[in-house]
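Colleague: Can you read through this structure? Questions will come right after.
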Amino acid sequence: MANNLKLNNAKEAKNDEFYTQLVDIENELRHYKPLFKGKTVLCNCDDPRVSNFFKYFTLNFEHLGLKRLIATCYKHQTIDLFSQNDSEQAVYIIYDGDKNGNHIPEPEEMEVLPLRGDGDFRSEECIELLKQADIVCTNPPFSLFREYVAQLVRYEKKFLIIGSINAISYKEVFPLLKEGKMWLGCSIHSGDREFEIPEWYTTTSPSLRYGENGRRYVRVPGIRWFTNLDFKERHDELILYKHYSPEEYITYDNYDAINVDKISDIPCDYDGIMGVPINLLDVFNPDQFEIIGYGKGELAKSIGVRSNHRGRADLAITVNGKHTCPYGRILIRKK
Ligand SMILES: C[S@@+](CC[C@H](N)C(=O)[O-])C[C@H]1O[C@@H](n2cnc3c(N)ncnc32)[C@H](O)[C@@H]1O
């Protein structure tokens with residue numbers, strides 16, 4: 001059991017070390033420019049030596065009109081997680097913008113200060129830095145996503161962070177989507193994204209690519225931005241053209257809602273609850289729909305989905321006498 005635990009920890013540590021590419025940060029951040037003016041930004045899972053979040057915010061400090069940038073660097077107590085980490089000390093960095101007028105962020109313009117602990121985002125000293133921030137922007141460790149989001153919500157922070165689409169079904173995350181306290185970002189709606197991996201990371205991924213200076217990249221599927229910052233495209237209405245008929249739209253066996261297999265098939269004239277594929281969240285307009293719940297497991301049970309033919313609270317339909325559970329559904333209703 002101890003060995004299994006070690007293996008799991010090692011696997012999680014591995015999955016936590018994916019470095020975001022600058023182009024992905026640029027593509028998302030351009031939708032929020034006015035919201036950053038006069039704000040203090042915190043990147044709290046970011047070694048400034050390798051983080052493109054740090055790079056993006058220093059390079060765009062004046063363009064965004066930031067007040068301050070703070071980055072904390074996590075230093076693991078036992079193993080060196082940073083490929084380029086040449087210091088035993090966890091540090092944080094403050095950047096207040098260009099001082100000498102050459103519009104280039106330089107080391108002399110940055111204040112590097114020691115941390116007492118290892119820079120864990122949950123530590124008291126990192127929480128003190130969190131309190132100073134208006135907006136938190138990073139790609140946090142995948143294995144700690146639940147705790148990471150919970151902390152942002154507890155301290156009522158604005159945030160723009162990267163995570164896996166799988167997180168939407170977490171019982172700690174889905175209620176935030178449902179209550180309109182968090183939504184998916186603007187620039188990534190499908191496919192995968194390439195992340196840089198550290199030197200020590202062994203991989204058999206067919207997507208492995210070597211870049212300049214032997215830097216290595218792998219593609220990770222199901223990546224999304226999660227945010228509570230508003231953006232214009234979020235209010236674009238989804239154009240619906242299909243009409244409801246009881247023949248075409250089957251009602252679930254264990255919940256009073258119809259099943260819709262494709263986003264483009266959402267009927268424009270149905271006022272009841274509809275179970276739709278989770279990728280609706282990529283184009284979800286809060287003015288058009290409300291989220292009622294998630295169609296699987298404990299979350300489904302909590303909104304009254306009854307046990308199905310397998311004895312589980314997963315949405316189920318019966319077609320020609322055959323019982324099936326449509327994959328990944330969220331329940332919505334037109335507003
Ligand atoms: C997915 S990586 C992303 C790194 C960087 N934000 C980026 O996007 O390139 C997550 C980072 O969080 C760091 N980390 C892991 N556990 C942490 C913790 N408890 N507190 C702060 N950072 C942590 C990892 O070492 C890793 O560098």
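Every number here is computed from the coordinates shown, using simple stated rules; none is lab data. Small disclaimer: the values here were computed from a predicted structure and weren't measured. Neighbour counts run over all protein chains shown; Cβ positions are idealised from the backbone, glycine included.
Colleague: Taking 0.36 nm per intervening residue step and subtracting the Cα-Cα distance, what contour gain separates Arg215 from Leu240 on full extension?
Modeller: Values: separation 25, 0.36 × 25 = 9.00 nm, distance 4.52 nm.
Extra length available between Arg215 and Leu240 comes to 4.5 nm.
Colleague: What Kirkwood Rh does segment 236-334 have if only Cα atoms enter the pairwise 1/r average? Answer in Å. Could you put the intermediate results ahead of the total?
Modeller: Values: mean 1/r = 0.0737 Å⁻¹.
When all Cα pairs of segment 236-334 are included, the Kirkwood radius is 13.6 Å.
Colleague: Still on this structure, I have one more. Could you work out how far apart the two model spin labels at Tyr327 and Val91 are, taking each label as a point 7 Å from the Cα in the direction of the beta carbon, and quote it in nm?
Modeller: For Tyr327 paired with Val91, the spin-label model returns 4.7 nm.
Colleague: When a footprinting reagent is the concern and you count Cβ atoms within 10 Å, what order do Arg68, Arg224 take, fewest first?
Modeller: Working: Arg68 18, Arg224 23.
Fewest-to-most ranking of Arg68, Arg224: Arg68, Arg224.
Colleague: Which of Asn166, Asn102, Asn228 ends up with the largest GNM mean-square fluctuation for the chain, with Cα atoms connected below 10 Å?
Modeller: Maximum fluctuation in the GNM of the chain, among the listed residues, is at Asn102.
Colleague: Using only Cα atoms, figure out Rg for the chain and give it as a multiple of 2.2 N^0.38 Å. All intermediate terms of the calculation are to be shown ahead of the outcome.
Modeller: Values: Rg = 22.3 Å, N = 335, 2.2 N^0.38 = 20.0 Å.
Output field value: 1.11.
Colleague: Work out how much length Arg49 to Asn100 would gain on full extension: take 0.36 nm times their residue separation and subtract the Cα-Cα distance, in nm to one decimal. Walk me through the numbers on the way to the answer.
Modeller: On the way: separation 51, 0.36 × 51 = 18.36 nm, distance 2.19 nm.
That works out to 16.2 nm of additional length.
Colleague: Related question: Give me the extension gain from Glu147 to Asn279: residue separation times 0.36 nm, minus the current Cα-Cα distance, reported in nm with one decimal. Let's see the in-between values first.
Modeller: Details: separation 132, 0.36 × 132 = 47.52 nm, distance 2.40 nm.
Contour length minus the Cα-Cα distance gives 45.1 nm.
Colleague: Past the 32 Å Cα-Cα mark, which pairs from Lys131/Lys335; Lys67/Lys232; Lys39/Lys301?
Modeller: Values: Lys131/Lys335 36 Å; Lys67/Lys232 24 Å; Lys39/Lys301 41 Å.
With Cα atoms farther than 32 Å apart: Lys131/Lys335; Lys39/Lys301.
Colleague: For Glu172, project a label point 7 Å along Cα to C-beta. Then give me every residue of segment 122-157 with its amide nitrogen under 12 Å of that point.
Modeller: 122, 141-154
Colleague: Still on this structure, I have one more. Compute a Gaussian network model of the chain, connecting alpha carbons closer than 10 Å, and tell me which residue from Thr202, Thr72, Thr251 fluctuates the most.
Modeller: Top of the fluctuation ranking is Thr202.
Colleague: Work out the FRET efficiency for Glu62 and Glu247 from their Cβ-Cβ distance, taking R0 = 51 Å, and round it to the nearest 0.05.
Modeller: On the way: r = 60 Å, r/R0 = 1.18.
For R0 = 51 Å, the calculated efficiency reads 0.25.
Colleague: To continue, here is another question. As a test, work out the antiparallel percent of DSSP beta bridges whose residues both lie in the chain, rounded to the nearest 5.
Modeller: Values: 39 of 52 bridges.
The antiparallel fraction comes to roughly 75 percent.
Colleague: Here is a follow-up. Sort the following peptides by mean Cβ neighbour count (other Cβ atoms within 10 Å, averaged over residues), highest first: 25-32, 241-248. Walk me through the numbers on the way to the answer.
Modeller: Working: 25-32: 18.5, 241-248: 10.9.
Descending mean neighbour count gives 25-32, 241-248.
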